[in-house]
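**Student:** Take a look at this one; I'll ask things after.
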Amino acid sequence: MNPTLKRTIGFVLLALGITGVISLCTKEFPLALFGERSTGIVKRVEKVTTSTGSEGKIRNGVRVGKKYGSDLTFLHIDFTTKDGKAMQVKTLATFNTEAREGDQHPMIYLPSKPETAKIYSAKQLWLPMCIGIFFSTVWLIGGWLMIQKPRPLVA
């Protein structure tokens, strides 16, 4: 591989890793470590279609096939902070988190920013955070290894 291209890819990977670390340090880590807990009630479930398409064939002069698409599910959740302030947050349901109107979920929020509350669960907080740690680490190590100059072999 061209050394210049290799170093460029290395710097891009380092930038991705640093961006991931900054995001984790400013959002997820403080929430997980210093967040207050509450109980929230789902007031509305909103599904947003992000892409659609279809594939099919013509059989006996008739088009047959299937439609497919991708949806995002947003949960509008009401909760009350420790100091009695009523809040409503809109949060993305990750990793197939199921919810219906009226469901109760444990919530976690920073007292200084209760509008950034999340559902306190493995699927909503811990799993995305662990995936972020994994990819940030891989990108940092991969980028660092790619920008290193090759060392001559000593016989």
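**Student:** Specify which of the listed residues (ASP78, ASP83) is in a loop (DSSP other than H, G, I, E, B) and closer than 14 Å to THR39 by Cα.
**Tutor:** Of the residues listed, the single one that is in a loop (DSSP other than H, G, I, E, B) and closer than 14 Å to THR39 by Cα is ASP83.
**Student:** Follow-up. Return the residues of the stretch 43-74 that are without any contact (Cβ under 8 Å) to a residue 12 or more places away in the chain and either in contact with a His (Cβ under 9 Å, 6 or more places away or on another chain) or part of a strand (DSSP E or B) (or both); say none if nothing qualifies.
**Tutor:** Correct list: GLY56, LYS57, ILE58, ARG59, VAL62, ARG63, VAL64, GLY65.
**Student:** Tell me whether the stretch 32-39 contains one or more residues that are in a loop (DSSP other than H, G, I, E, B) and either under 17 Å from PRO114 (Cα atoms) or free of Cβ contacts under 8 Å to residues at least 12 places away in the same chain (or both).
**Tutor:** Yes, the conditions are met somewhere in the stretch 32-39.
**Student:** Could you pull out the residue among PHE95, PHE135 that is part of a loop (DSSP other than H, G, I, E, B) and among the aromatic types (Phe, Trp, Tyr)?
**Tutor:** Exactly one residue qualifies, and that residue is PHE95.
**Student:** If I filter the stretch 132-146 for residues that are hydrophobic (A, V, I, L, M, F, W, C), surrounded by 11 or more Cβ atoms within 10 Å (Cβ to Cβ) and modelled with pLDDT under 90, do I get at least one hit?
**Tutor:** No; the residues of the stretch 132-146 include none that is hydrophobic (A, V, I, L, M, F, W, C), surrounded by 11 or more Cβ atoms within 10 Å (Cβ to Cβ) and modelled with pLDDT under 90.
**Student:** Just to check your reading of the model, which residue among PRO128, PRO111 is over 21 Å from VAL21 (Cβ atoms) and either touching a residue at least 60 places away in the same chain (Cβ under 8 Å) or exposed (fewer than 12 other Cβ atoms within 10 Å of the Cβ) (or both)?
**Tutor:** Answer to the selection: PRO111.
**Student:** Could you please tell me which pairs satisfy a Cβ distance under 8 Å, a separation of 6+ or placement on different chains, a first residue in the stretch 75-104 that is in contact (Cβ under 8 Å) with a residue 60 or more places away in the chain and more than 16 Å from GLU115 (Cα to Cα), and a second residue that is of a type in the set (Phe, Trp, Tyr) and surrounded by 11 or more Cβ atoms within 10 Å (Cβ to Cβ)?
**Tutor:** Hits for this filter: zero, empty list.
**Student:** I need a count of the residues in the stretch 40-76 that are modelled with pLDDT of 75 or more and closer than 30 Å to HIS105 by Cβ.
**Tutor:** Within the stretch 40-76, residues that are modelled with pLDDT of 75 or more and closer than 30 Å to HIS105 by Cβ number 18.
The values are calculated or read from the model by the stated rules, or taken from the named source; none is laboratory data. In this text, all values refer to a predicted model and were calculated from it rather than measured experimentally. Glycine gets a Cβ as well: all are built from the backbone with ideal geometry, and neighbour counts include every protein chain shown.
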